[in-house]
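This is the structure, below, for whatever I ask next.
Read the figures in this text as sums done on the coordinates, not as results from a lab. Source: prediction; values computed, not measured. We place every Cβ from the backbone using ideal geometry, glycine too, and count neighbours over all the protein chains shown.
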Amino acid sequence: MTRRGTRVARTILVATVIGVSATACAGSDGDGMEDDMEDGIAESMRQSTADWTTVRVAVDGCGLAPEIATGVAVTTDTGTIVLTVAHALEGSGTVTIDGGRAEVTAVDTVADLALISQRESNPSALDELGSILGEPTVGGAVGVRLLRDDALEVIASTIDRLATIRHRNVVDGTTVERSGLVLSVELVGGDSGAPVVDPAGRVVGLMYADAKDSSTSYAISSVEVADFLSRVSSGSVSAERTGC
């Protein structure tokens with residue numbers, strides 16, 4: 001879910017789960033114990049991501065208020081590269097990462113993934129991004145790293161389901177499918193692209209949409225991210241963005 005005035009209706013994606021692989025385990029009956037566990041998990045995930053950071057992505061253009069999203073950034077000797085959602089990059093406006101000017105280097109609207117870079121990116125940056133990915137598991141504890149009011153907030157959750165999710169392509173309106181995660185996390189504008197992290201600090205998904213009038217939300221699976229990075233490395237993904 002991105003945040004932009006009148007544009008929000010176009011970029012909030014409505015997802016439909018069409019194939020579920022499993023269901024999550026039942027929770028504990030002790031509410032206080034669950035709260036303590038969630039607080040501990042969230043704090044652990046806040047501290048376990050030394051190899052990458054969570055950043056704010058903004059796109060200014062098309063005569064509307066800036067599109068706001070979240071991204072995962074790794075920094076090498078030559079620059080910073082950010083993984084985020086493609087639907088945040090609609091239009092041809094200026095892109096910034098935490099307020100600094102950046103360039104779009106790869107966009108895949110079917111996978112809803114994009115790469116943005118500051119300074120010069122190189123193959124080692126793609127390797128760095130690939131190295132922080134983990135494998136999602138049903139019922140696995142995760143933390144969703146959100147930027148709220150310019151401060152990091154980690155919400156503890158679990159992966160309810162692994163699913164094939166059908167959604168609308170933001171470019172041509174066609175229906176496409178991707179591997180995704182179903183979680184119970186309430187999102188607000190600007191949360192699209194927020195990383196879903198396992199206890200070891202590995203990224204297992206990127207948030208991109210929620211169900212209307214529900215706490216159910218959807219993330220792009222790290223399986224899709226790994227495939228996207230592989231195709232970027234082979235030169236088969238362009239940097240072309242959609243128009244206004």
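Would you kindly work out the equivalent ellipsoid of region 94-244 from its C-alpha gyration tensor and give its semi-axes, the square roots of five times the eigenvalues, largest first in whole Å?
Gyration-tensor ellipsoid for region 94-244: 23, 18, 17 Å.
Compute the signed sum of charges (Lys and Arg +1, Asp and Glu -1) over the other residues within less than 9 Å, Cβ to Cβ, of L146.
0
Could I ask something else about it? Fewest to most neighbouring Cβ within 10 Å: what's the order for E153, E186?
E186, E153
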